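Here is the structure we will look at, set down as structure tokens.
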Amino acid sequence: MSKMNLKHAAPVIFAFLMLFALASCSKTGVKDPTSLRGGETRPTLSPLSYTGTTAVAYQAAREIPEILDSLYCYCECAKHSGHKSLLSCYVDEHAVNCDICIDEALMAYDLHKQGKDVVAIREAVDARYSRGQHR
């Protein structure tokens, strides 16, 4: 290849390499949203057993279990109760006495109703709760 052809080919090769590099990355680093799942398989408790926002949160868990199972619970129940995800808080009565669990579930439910996907919901919940901004 002559110097003239190489001079013109270099920008094309550079652009191709940049496109290839960008195509191999995703914004969230998660290619498959199902890989986010915590693996909770037990059924949630009935929202009819509760009142107020607690009942709404348990109803949300019933309606969007795959989303809550994709969220980390920032009350740290994975450490002290062995929970797999936020959904685990709703298969027992843990969420009844935990404002963090209730607030996270209600936030996820509202975002879901706005049409957000599980990746966007997880990013929003993590952004709000990961730095202790929920207090």
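Values in this text are rule-based calculations from the coordinates and carry no lab data. Because the structure is predicted, anything quoted here is derived from the model rather than measured.
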**Report entry** Span per principal axis, largest first, for the Cα atoms of segment 33-129 (Å)
**Finding:** 30, 29, 23
Query raised in the report: Residue by residue through segment 116-126, which ³J(HN,Hα) values in whole Hz follow from phi under the Karplus form 6.51 cos²θ - 1.76 cosθ + 1.60 (θ = phi - 60°), with glycine and proline marked x?
Result: 6, 8, 4, 5, 5, 5, 4, 4, 5, 5, 4
